[in-house]
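Heads up: the structure comes next, in structure tokens.
The values are calculated or read from the model by the stated rules, or taken from the named source; none is laboratory data. These numbers come from a predicted model, not from an experiment. We place every Cβ from the backbone using ideal geometry, glycine too, and count neighbours over all the protein chains shown. Side chains are part of the model used for accessible areas, which takes the heavy atoms of the whole protein and leaves out ligands, DNA and RNA. Shrake-Rupley method; radii C 1.70, N 1.55, O 1.52, S 1.80 Å.
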Amino acid sequence: ILLDFPRLDDIHPFYSDLMHVLYDRDHYKVALGQVGAVRHMVDNVGRDYVRLIKYGDSLYRCKQLKRAALGRMATACKKLGSALTYLEKVRQHMGRLPSIDPTAPTLLVTGFPNVGKSSFMNKVTRADVEVQPYAFTTKSLFVGHTDFNYEPWQVIDTPGILDHSLEERNVIEMQAITALAHLRACVLFFMDLSGQCGYSVAQQLSLFRSIRPLFQGKPLVIVLNKCDVCQLSDLEAHDQEAVMTAIEESGGQYISTSTLTDIGVGDLKQKACKLLLESRVEEKEQSSRFQAIQNRLYMAQPKSRDRLKRESFIPESFIAEQAIPVEERTRRKTQRDMEWEGGGPGRYQANDRLTWDLENPDWVDDIMPDIMDGHNIYDNIDPEIADALNELEDEEEGRLVTKEMQESKAKPYYTLDDSTVEAVRMIRDRIKVMKMERSIKSTPERRTHSQAEAIERFNARTGSTEPLSRIKRNRSMSAASDAIERDRTASSHVSTKASRSMSGRTASQDRSLSVNRGEGFRDVNQKMRAVKLSKVKIRDRNRDGRVGESDRVMVNKMPKHLFVGHIKANGKRDRR
């Protein structure tokens, strides 16, 4: 709620004052302040009870603390009933307000009630404002949109304003005053010289002088509406003089219109839009930013390279054509002219034969016969069709030959008999044994049990013997190299870090470990890894001095930093 509702200090002054007129700024801020206070209260309650739950000695005690915290939060939220009701009404009303852009080019219509403001807006925009023959038909701001110079403009219809002091004006009139005070727009002040609105010319001029301070610095147009009933020349002399004096004092312009017969409505729109554009350009020219940009501009002017005078060349054919009167000139017939002659877009079909290069241009519109001299014309359109067919057949034959050559270059596949397969297998085993012996000779490492069994199987099959140097070196190999060699052939799920940590054990320790039936280990290596992982898991427990995983004892139930010191205004303690 606090984030979604607008802050009056952060929005445009027009919207800020409009919300003050509609909803009362003080009431609005008080309601949001109450919501903010309850939010802080709920946060403090939750923080305190979370601290208490941390030291709860049972699940039941923690549940009761949670229930108490929710109860206090609900009690605090119940006090917001009136504030939330008010904010909900404000939210619904704000959703119905028109979207007004204070920076967009705007035409602002104002004046006494029932002088033709809404009728003008319906004429120049796509809005549909209610028009009735009584005062205050328009009770709020209405926005319509129109186009000028290919740009969107907004037209704002304001409620009627009566001629009395600012304190006596109601909410409906204050909306118009707020728009006049804050929006940079071209002001259209409507007057009804016929008096059909119920107010005399003197009363309308009095209202104009009272709200004229709101027009300062803005383009102003006085609209003399209902000219089809009464024009300025039809007024009495003193009324005419008073109207012209007010127009001259304000520095604005005036125009006579009639929204009933559309007299002057388009001219009024053009004049108001041009005045606003000119005023905006003048404001930009007087700003410091305009001067800074103007100082950075440079206009390059070409310099003459010699003193020769080069006059422009105009072809004689063009001069001769210009000498002929416009009515007598021969104009080239274009495709667009043919389109309109042929029925216009959607019905005209372009003639593709106009681009054909024929021996005689008159043959373009001739009809091509199907049968001529007893022969089909289409059989003789392409006389080289037989040659093209032969080329196609030759191409297909060449592709077949290329495919056969590629298949002949493929590697042949041979099948081996049983004796050959056995010989290949023995060669591969011998290569494997040679790699093992080479690795053992290069590094002082002891071979694993699986490697030894593989060598024994190979010796039994082939009848070869193991070198004596390998037997002599077996006893001198360290336990660390044996662990490294054993780690190489172990399963891939054991990490390198664990392998290095297990390789530091001595040979006597390896021999001391044994796997008993029922322990669930495959061999001694797997048992060693399990013991190592268990020690890693209990490292944190041993550091805290706990007996086991179920030990939840708390040595100090009242930490000094939580229960010692004076309580500050923010609810925290300081023991220093």
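Return the residue satisfying two criteria in turn: it lies in the range 87-104 and is assigned to a helix (DSSP H, G or I) and open to solvent by less than 30 Å² (accessible area, probe 1.4 Å), and of such residues it is farthest from ILE11 (Cα to Cα). Steps first, please.
Start the filter on the range 87-104 by keeping residues that are assigned to a helix (DSSP H, G or I), which leaves 87-95.
From the residues that got through so far, the ones that are open to solvent by less than 30 Å² (accessible area, probe 1.4 Å) too are 87, 90.
Details: LEU87: 18, VAL90: 16 Å.
Per the criteria, the residue is LEU87.
Residue by residue, here is whether (1) modelled with pLDDT of 70 or more; (2) closer than 25 Å to ASN525 by Cα; (3) among the small types (Gly, Ala, Ser) holds:
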site	(1), (2), (3)
MET426	yes, no, no
ARG430	yes, no, no
MET434	yes, no, no
THR443	no, yes, no
ARG447	no, yes, no
ILE455	yes, yes, no
THR462	no, no, no
LEU468	no, no, no
Do the conditions hold for PHE120, that is, is it aromatic (Phe, Trp, Tyr) and touching a Gly at 6+ places or on another chain (Cβ under 6 Å)?
-> no
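Taking GLN154, is it farther than 30 Å from TYR49 by Cα and surrounded by fewer than 11 Cβ atoms within 10 Å (Cβ to Cβ)?
Details: farther than 30 Å from TYR49 by Cα: yes; surrounded by fewer than 11 Cβ atoms within 10 Å (Cβ to Cβ): no.
Against the criterion (farther than 30 Å from TYR49 by Cα and surrounded by fewer than 11 Cβ atoms within 10 Å (Cβ to Cβ)), GLN154 does not qualify.
Would you confirm whether any residue within the range 143-158 is part of a loop (DSSP other than H, G, I, E, B) and of a type in the set (A, V, I, L, M, F, W, C)? Explain how you work it out, then say what you get.
The first filter runs over the range 143-158 and keeps only residues part of a loop (DSSP other than H, G, I, E, B), leaving 149-150, 158.
Retained after the next criterion (residues that are of a type in the set (A, V, I, L, M, F, W, C)): none.
So far as the range 143-158 goes, no, none of its residues is part of a loop (DSSP other than H, G, I, E, B) and of a type in the set (A, V, I, L, M, F, W, C).
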Taking the range 309-326 and keeping only residues that are over 57 Å from the mean Cα position of the chain (by Cα) and among the β-branched types (Val, Ile, Thr), one is left with ILE319, ILE324, VAL326
Residue list for the range 369-380, restricted to those being in a loop (DSSP other than H, G, I, E, B) and either open to solvent by 100 Å² or more (accessible area, probe 1.4 Å) or touching a Lys or Arg at 6+ places or on another chain (Cβ under 9 Å) (or both) = ASP373
Could you grab me the full set of residues in the range 105-123 that are closer than 22 Å to LYS218 by Cα and open to solvent by 20 Å² or more (accessible area, probe 1.4 Å)?
-> PRO105
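Condition test on LEU2, is it more than 24 Å from SER140 (Cα to Cα), assigned to a helix (DSSP H, G or I) and in contact (Cβ under 8 Å) with a residue 12 or more places away in the chain?
Numbers: more than 24 Å from SER140 (Cα to Cα): yes; assigned to a helix (DSSP H, G or I): no; in contact (Cβ under 8 Å) with a residue 12 or more places away in the chain: yes.
The answer is no for LEU2.
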In contact (Cβ under 8 Å) with a residue 40 or more places away in the chain, touching a Cys at 6+ places or on another chain (Cβ under 7 Å) and part of a helix (DSSP H, G or I) - does that describe any residue in the range 19-35?
-> no
When you look at LEU80, is it open to solvent by 70 Å² or more (accessible area, probe 1.4 Å) and touching a helix residue (DSSP H, G or I) at 6+ places or on another chain (Cβ under 6 Å), yes or no?
-> no
Conditions: (1) open to solvent by 70 Å² or more (accessible area, probe 1.4 Å); (2) touching a residue at least 12 places away in the same chain (Cβ under 8 Å); (3) of a type in the set (A, V, I, L, M). LEU70 meets all but one. Number of the miss?
-> (2)
Restricting attention to the range 164-195, the residues that are within 13 Å of VAL115 (Cβ to Cβ) and either assigned to a strand (DSSP E or B) or not small (Gly, Ala, Ser) (or both) number exactly 6
Would a scan of the range 285-308 turn up a residue that is under 36 Å from the mean Cα position of the chain (by Cα), within 30 Å of VAL124 (Cβ to Cβ), modelled with pLDDT under 85 and assigned to a helix (DSSP H, G or I)?
-> yes
Considering only the range 207-217, state which residues are open to solvent by less than 50 Å² (accessible area, probe 1.4 Å) and assigned to a helix (DSSP H, G or I).
-> LEU207, PHE208, LEU214, PHE215
